[in-house]
1. Limited to the range 302-344, what total is found for residues that are within 16 Å of Glu205 (Cβ to Cβ) and outside any helix (DSSP H, G or I)?
2. Would you say Glu153 is in a helix (DSSP H, G or I), surrounded by fewer than 20 Cβ atoms within 10 Å (Cβ to Cβ) and modelled with pLDDT of 95 or more?
3. Hey, any hits in the range 67-82 for a residue that's at pLDDT below 75, in contact with a helix residue (DSSP H, G or I) (Cβ under 7 Å, 6 or more places away or on another chain) and crowded, with 17+ Cβ neighbours inside 10 Å?
4. Could you pull out the residue among Asp116, Asp182 that is among the charged types (D, E, K, R) and not assigned by TED's automatic domain parsing to the domain that holds Lys405?
5. Could you tell me which of the residues Glu40, Glu10 is assigned to a loop (DSSP other than H, G, I, E, B), crowded, with 17+ Cβ neighbours inside 10 Å and outside the structural domain of Tyr412 (by TED's automatic domain parsing)?
6. Looking at Tyr365, is it hydroxyl-bearing (Ser, Thr, Tyr), in contact with a Phe, Trp or Tyr (Cβ under 9 Å, 6 or more places away or on another chain), outside any helix (DSSP H, G or I) and in contact (Cβ under 8 Å) with a residue 40 or more places away in the chain?
7. Considering each of Tyr412, Tyr331 in turn, give the residue that is in the same structural domain as Glu262 (by TED's automatic domain parsing) and modelled with pLDDT of 95 or more.
8. Of Ile248, Ile281, which residue is free of Cβ contacts under 8 Å to residues at least 60 places away in the same chain, in a loop (DSSP other than H, G, I, E, B) and over 22 Å from Lys386 (Cα atoms)?
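The values are calculated or read from the model by the stated rules, or taken from the named source; none is laboratory data. All of these numbers come straight from a predicted model, not from anything done at the bench. All Cβ positions, even for glycine, are placed from backbone atoms using ideal geometry, and neighbour counts span all protein chains on display.
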Amino acid sequence: MREMKESRIEWIGDVPKGWSCKPIRALFHENRNKNTLGTENKALQFKFGTIVPKQNFDADEDSYVAHTILKYNIVDYGTIMLNGLNLNYDFVTKRVALVKERGVITSAYIAFELNDKKHIKPDYANYLLKSYDSCAAFHNMGGGVRKILSFDELKRTLFLIPPYEEQLRITKFLDHKCAEIDSLVTDIQSQIDTLEQYKRSVITEAVTKGLNSHAEMKDSGVKWIGTMPSSWDCIRGKYILTYVQKPIREDDGVVTCFRDGEVTLRTNRREDGFTMADKEIGYQGIDVGDLVVHGMDGFAGAIGISDSRGKASPVLNVLDTKQNKRYIMYYLRSMAYGDVFVAMATGIRVRSCDLRWNKLSEFQYPVPSMQEQKEIVEYIDSLIDKTNAVIADKQQQLATLDEYKKSLIYEYVAGKKEVTA
């Protein structure tokens with residue numbers, strides 16, 4: 001067993017005797033190399049702990065993009081990126097990343113580089129700082145209301161330095177082990193994506209074709225519905241839906257319609273990270289059981305039945321109907337899944353659609369009998385419950401792999417375990 005010594009780093013404790021510690025300011029400098037002359041036009045972006053090329057970012061074809069890219073920082077292999085925004089979300093443990101190709105990236109992140117790459121390997125530095133972040137080393141740092149961390153504060157942090165040859169062994173080992181973990185993660189995430197798509201396809205099939213595969217069909221006259229059972233009617237929204245506006249109460253909390261279809265009090269999901277309105281102009285009351293369609297995010301599936309009493313921004317459409325509300329909800333979601341709302345968008349906001357009552361009231365809705373609506377809803381609810389249980393199990397697998405990866409990185413970059421081969 002190796003002889004250990006105190007590191008003076010709270011979240012690391014004892015380290016191998018041959019390792020040293022220095023403040024970040026003695027080893028790194030901040031990158032402030034702005035792309036002022038426009039010499040670089042390959043844009044990079046921060047994505048879940050990695051730096052990847054930014055898609056659909058063509059400075060040669062877009063004058064706004066060309067102007068924006070001049071404000072970016074030029075970075076190259078070995079630059080460490082850190083998202084300095086302190087929020088209590090899971091993503092903060094994935095906010096350290098290593099640049100592996102030359103390009104430009106927004107200056108909203110801290111970019112810093114090693115003074116001497118002959119004595120510290122950038123890949124090791126990346127692993128060490130990721131481990132610091134997973135230990136919450138940066139979470140209480142930063143200034144201002146939003147607790148934004150700057151390099152001036154970061155540079156006082158002590159950095160752990162093993163001998164260079166040991167850095168090489170640690171990096172090689174972690175690259176191999178993390179690649180194995182990442183491969184498993186990719187496979188499991190692919191399975192989750194397939195299950196999510198399966199749920200969507202079942203919803204769309206059930207609300208437009210019914211449950212009887214032998215039913216006689218007819219042309220609905222609506223492109224995104226296609227054929228539907230001949231016993232069904234196709235009715236314009238204004239004849240089966242009612243747009244309601246309810247008064248608010250003094251003790252009402254704020255209700256939000258999320259993109260996963262949940263309509264609930266914000267406090268039931270989280271209390272931070274939301275933009276709060278200074279004045280609640282036009283806010284309306286929402287009751288348990290109300291059908292809600294988000295006017296801006298409905299295109300992405302923000303359509304559901306409220307589980308809470310509260311108040312909401314006027315961007316939410318609150319609807320009533322004598323039809324089965326869950327059936328109407330599922331039909332509207334099927335339109336979202338099929339990009340019907342996006343195809344109808346007339347605004348300039350990317351992948352968005354202003355989905356207000358005037359549009360919802362003019363859509364055609366396939367209307368089965370009330371008994372069929374009930375059976376369709378029960379079928380979809382049951383299938384979603386079963387599929388969600390499988391997805392939850394796979395998400396737990398992902399969480400376990402994520403914790404294992406964090407632990408593995410920490411054990412080796414902190415010298416708790418040694419790479420012997």
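1. Residues that pass the stated criteria total 1.
2. No.
3. No, the range 67-82 has no match at all.
4. Numbers: Asp182 fails: not assigned by TED's automatic domain parsing to the domain that holds Lys405.
Testing whether each residue is among the charged types (D, E, K, R) and not assigned by TED's automatic domain parsing to the domain that holds Lys405 leaves just Asp116.
5. Every option except Glu40 fails the conditions.
6. Yes; evaluated as a whole, the condition is true for this residue.
7. Working: Tyr412 fails: in the same structural domain as Glu262 (by TED's automatic domain parsing).
Among Tyr412, Tyr331, only Tyr331 is in the same structural domain as Glu262 (by TED's automatic domain parsing) and modelled with pLDDT of 95 or more.
8. Numbers: Ile248 fails: free of Cβ contacts under 8 Å to residues at least 60 places away in the same chain.
Criteria check complete, one pass: Ile281.
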